[in-house]
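Each remark here refers to the structure printed beneath this line.
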Amino acid sequence: TSGGLQFGFIEMPTPGAPNDTVKDGPPGDIVFSQSSHMFTENFELELSTPTPDATIRYTTDRSVPSNDLANPSPEYTGPIAISSSTQIRARAFLDGALDGAIETEAYLKMSGSVPEFSSDLPVIVVSTLGTGAPPGTSSTTRQTAYMFFFEPDPQTGRTVLTQSPALSTRAGIRRRGSSSGGWPKYSLSVET
């Protein structure tokens, strides 16, 4: 090529044609000041990236953060106040580089007697973050959800929802079953 030898990444494959623009590697991953958890007290969430000059963009509507000039996601400029159940998705962008990885954390606000709940069994909490019930058994689509897996504390033998989850992940859910799919307490088909 006329540019000489170049090292980097090419975003789009161009089989049988000259290579597209070469870019630098993506910025470092987003670091959240708090990992996914259930909470009772409001808090401020801080985001950072180890890559100098990278721009962090985030969303709270479960969409992928965008750096598109026509419709960019909000730019992170300071702590985000978390006062209700929400999912934060964030991504770092840097001129001349591939887009950073999408990082996701979710926070569920507990109320009433939920914070005092205790069990000697593992507990799974599934939330659609206020977007409604999962689709019916015949649906080919899934409702976006977030799942928290809690294990009993090895010292007390009890599971409490105020402890850190053993695992938290995004998921897709829908009702499953035939005649049981319409019951008030239905089974779920889950993909993580």
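Scoring SER85 on the criteria (1) under 28 Å from ALA166 (Cβ atoms); (2) among the polar types (S, T, N, Q); (3) free of Cβ contacts under 8 Å to residues at least 60 places away in the same chain; (4) buried (at least 19 other Cβ atoms within 10 Å of the Cβ) leaves a single failure, condition (4). Of everything in segment 23-65 that is open to solvent by 50 Å² or more (accessible area, probe 1.4 Å) and in a strand (DSSP E or B), the residue that is farthest from PRO13 (Cα to Cα) is GLU44.
To keep it simple, each residue is scored yes or no on (1) under 27 Å from THR49 (Cα atoms); (2) open to solvent by 70 Å² or more (accessible area, probe 1.4 Å); (3) in contact with a Gly (Cβ under 9 Å, 6 or more places away or on another chain); (4) assigned to a loop (DSSP other than H, G, I, E, B).
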{"site": "ASP95", "(1), (2), (3), (4)": "yes, yes, no, yes"}
{"site": "LEU108", "(1), (2), (3), (4)": "yes, no, no, no"}
{"site": "SER111", "(1), (2), (3), (4)": "no, yes, no, yes"}
{"site": "PRO115", "(1), (2), (3), (4)": "no, no, no, no"}
{"site": "SER139", "(1), (2), (3), (4)": "no, no, no, yes"}
{"site": "THR144", "(1), (2), (3), (4)": "yes, no, yes, no"}
{"site": "SER168", "(1), (2), (3), (4)": "yes, no, no, no"}
{"site": "ALA171", "(1), (2), (3), (4)": "yes, no, no, no"}
{"site": "ARG174", "(1), (2), (3), (4)": "no, no, yes, no"}
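Here is a yes/no grid of residues against (1) closer than 18 Å to TYR107 by Cα; (2) of a type in the set (Gly, Ala, Ser):
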site	(1), (2)
ASP29	no, no
SER33	yes, yes
HIS37	yes, no
ASN42	yes, no
ALA54	no, yes
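Among the residues examined, THR131 qualifies as within 30 Å of THR55 (Cα to Cα) and either hydroxyl-bearing (Ser, Thr, Tyr) or surrounded by 13 or more Cβ atoms within 10 Å (Cβ to Cβ) (or both).
Does SER189 satisfy being open to solvent by 30 Å² or more (accessible area, probe 1.4 Å) and on the phi < 0 side of the Ramachandran plot? In short, no.
Among the residues of segment 167-192, those that are under 26 Å from THR40 (Cβ atoms) and without any contact (Cβ under 8 Å) to a residue 40 or more places away in the chain comprise LEU167, THR169.
The values are calculated or read from the model by the stated rules, or taken from the named source; none is laboratory data. Everything numeric in this text was worked out from a predicted model, so none of it was measured. Backbone-built Cβ (ideal geometry, glycine too); neighbour counts: all protein chains shown. To get the accessible areas, we keep the full protein, side chains included, count just its heavy atoms, and leave off ligands, DNA and RNA. Shrake-Rupley method; radii C 1.70, N 1.55, O 1.52, S 1.80 Å.
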